[in-house]
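Throughout, read-outs are computed from the coordinates displayed, never taken from laboratory work. All values derive from a computational prediction rather than experimental measurement. Heads up, the Cβs are rebuilt from the backbone with ideal geometry, glycines too, and the neighbour counts pull from every protein chain shown.
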Amino acid sequence: MSHNDIIETASVWDAISDTPEESANRRLRSELMTAIRGQIDRFGWSQTVAAQNLGVTQPRLSDLYRGKLSKFSLNALVDLGGKVGVHVSVRIDTDALTRS
């Protein structure tokens, strides 16, 4: 493959991730960050007020607004989301096992 070849992927997360699991984690964190920011904006909170209400520092909230995925674990985002009414549900899919 030359450097000019184009590889199609299902999402930007697939393109920048080494594994499907890493891609899924990034996608989930991105969706949660977007939902949390949306709720904060709907409430009309400044970043300072939002940081106080969420129990984080303003620089931490700024990282959230800037979309710095690497600074937030999925657990941290679930916790922050719960404080602003963003609820997470989980659907589990399993690969079909084949018997030999």
- Placing +1 at every Lys and Arg Cβ and -1 at every Asp and Glu Cβ, with all other atoms neutral, what dipole size does region 12-83 have around its Cα centre, in debye to the nearest 20? 320
- Task: Mind jotting down the distance between the C-alpha centroids of region 65-97 and region 34-53, whole Å?
- Result: 17
- Query: Quick one: which of 81-90, 30-39, 46-55 comes out on top by average Cβ neighbours within 10 Å, and what's the full order, highest first?
  - Reply: 30-39, 46-55, 81-90
- Square roots of five times the Cα gyration tensor eigenvalues for region 12-83, Å: 24, 11, 10
- Give me F72, F43 ranked fewest to most by other Cβ atoms within 10 Å of their Cβ, as a rough exposure proxy. F43, F72
- Task: Determine the principal axes of the Cα atoms in region 36-78, then give the extent along each, sorted from largest to smallest and rounded to whole angstroms.
- Result: 26, 18, 17
- Extension reserve of the N25-A76 stretch, reckoned as 0.36 nm per residue once the Cα distance is removed: 17.1 nm
- Using r as the Cβ-Cβ distance of F43 and S89, and R0 as 25 Å, what FRET efficiency do you calculate, to the nearest 0.05? 0.65
